[in-house]
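Here the structure comes first, spelled out in structure tokens, and everything after it is commentary.
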Amino acid sequence: MWGNQRLHRAKECNKGITKRCNMLTRKTLSLYVPVIVAFLLILSGCATSSSTSSSGGIKAGPGVDTTNKTITLGILSPYSGPVADPIGIPLANGVKAYFDHINDNGGIDGYKVKFSEQDTQYNPQLEVQKYNQIHNQVLMIADSLGTPTTFAIKDQATADHMLVSAATLSSALAREKYLILVGTPYRLQVENAFDYIVNKLSVKNPSTGIIYQDDEYGQDGLTGYKEAKSAYNLHDVAQVTYAATDTDFTA
């Protein structure tokens, strides 16, 4: 029942969500979490006629408990493994800290935000498993960390009309209807860097190389590198890969 309600709500809100998602891909990271609040109001305010309404206009549905006045969001992030300490845990803590502030100041239309936190270990298969465990229990995914992991759930999230705030900058995901990205794609970052080197610093035909992660995350940067190589006549010295699980980077 909840899945059908979310589907209906998402269809009703589809045009507004799509417009806002396209805008968000051009915003800076500093706007990332606050904008989620606006999406929550949109999602929780659109409902089927059979949903139970609270006095504030928020509707019951997946992740929305009108009896206890709570909104549950999902976090799919590596809490263990090689990516946990440098980015997985800090980013998840940042998302939670922001909503702690929201809760301390009255919540969202009187509703308190809570989380279903899942450890994906930066593993795409585990991300899919964790997503399937919680997708009928949350209003949206407030944090899906990683390019290969987010790739793994994007089709299912689209089928579920599940809004996903994705901690990835992959250009290949930028046009996905239900994904919110947090900044300029890796591909364009690489191209912008070489544009600056060649056109601003006047370094012509620089000798360059790239070390990239051997998955969708690294491939997006590699695409930008190859495009820049052609556009700016770069002298390519080497292209070397590494795995996300590698710990030894000596030659």
message: Can you list residues from other chains, or at least 5 along the same chain, whose modelled amide H is less than 5 Å from the amide H of Thr208?
response: His235, Asp236, Val237
- prompt: For the range 65-154, rounded, prolate or oblate, judged on the Cα gyration tensor with a ≥ b ≥ c (square roots of eigenvalues), a/c < 1.5 rounded, else prolate if a/b > b/c?
  reply: oblate
- request: Taking amide H positions as placed in the peptide plane 1.01 Å from N, state which residues far from Ile180 in sequence (5 or more) or on other chains have amide H under 5 Å from it.
  value: Val164, Ser165, Ala166
- line: Per the charge dipole of the range 126-251 (beta-carbon charges, Lys/Arg positive, Asp/Glu negative, Cα centre), the residue among Ala167, Tyr225, Ala142 reaching farthest to the positive end is Tyr225
- prompt: So how do 227-233, 59-65 stack up, highest first, on mean other-Cβ count within 10 Å?
  reply: 59-65, 227-233
query: Check Phe115: other-chain or 5+ apart residues with amide H under 5 Å from its amide H, H built from backbone geometry?
result: Leu73
field: Student exercise, the range 193-251 dipole from Lys, Arg, Asp, Glu Cβ charges, in Debye to nearest 20
entry: 480 debye
query: Which ³J(HN,Hα) values, rounded to whole Hz and listed in residue order, are derived for the range 157-173 from phi using the Karplus coefficients 6.51, -1.76 and 1.60 in 6.51 cos²θ - 1.76 cosθ + 1.60 with θ = phi - 60°, glycine and proline given as x?
result: 4, 5, 4, 7, 6, 9, 6, 10, 8, 9, 7, 8, 10, 6, 5, 5, 9
task: Report relative contact order for the range 186-242 in percent, whole number only (criteria: Cα-Cα under 8 Å, sequence separation at least 6).
output: 47 percent
- line: Yeah, the range 186-242 with a ≥ b ≥ c from its alpha-carbon gyration tensor (a/c under 1.5 is rounded, else prolate when a/b outruns b/c, oblate otherwise) is prolate
- line: Final fewest-first order of His101, His135, His161 on the 10 Å Cβ neighbour count is His101, His161, His135
statement: Simple SL model, points at 7 angstrom along Cα→Cβ for Asp85 and Thr158; separation in nm is 3.8 nm
query: Arranged by the count of other C-beta atoms within 10 angstrom, fewest first, what order do Thr250, Thr208 take?
result: Thr250, Thr208
- line: Here, Leu201 and Asp100, labelled 7 Å along Cα→Cβ, have an inter-label distance in nm of 4.0 nm
message: Using the Karplus curve 6.51 cos²θ - 1.76 cosθ + 1.60 with θ = phi - 60°, what ³J(HN,Hα) values do you get for each residue of the range 78-95, in whole Hz, with x for Gly and Pro?
response: x, 8, 9, x, x, 9, 5, 5, x, 9, x, 5, x, 5, 4, 5, x, 4
message: Report the gain in length on full extension from Gln189 to Val237: 0.36 nm times residue separation, minus Cα-Cα distance, nm rounded to one decimal.
response: 15.3 nm
statement: Projected area averaged over all directions for the convex hull of the alpha carbon atoms of the range 70-220, nm², comes out at 10.8 nm²
task: Kindly flag which residue pairs out of Lys204/Lys226; Lys69/Lys154; Lys59/Lys114; Lys96/Lys154 have an alpha-carbon separation exceeding 26 Å in this structure.
output: Lys69/Lys154
query: Which ³J(HN,Hα) values, rounded to whole Hz and listed in residue order, are derived for the range 211-227 from phi using the Karplus coefficients 6.51, -1.76 and 1.60 in 6.51 cos²θ - 1.76 cosθ + 1.60 with θ = phi - 60°, glycine and proline given as x?
result: 10, 9, 6, 7, 7, 4, 4, x, 4, 5, x, 5, 4, x, 5, 5, 5
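Every number in this text was worked out from the coordinates using simple rules, so none of it is lab data. This one's a predicted model, so the numbers in the text were calculated from it and none came from an experiment. As a convention, Cβ positions derive from the backbone with ideal geometry for all residues, glycine included, and neighbour counts pool all protein chains shown.
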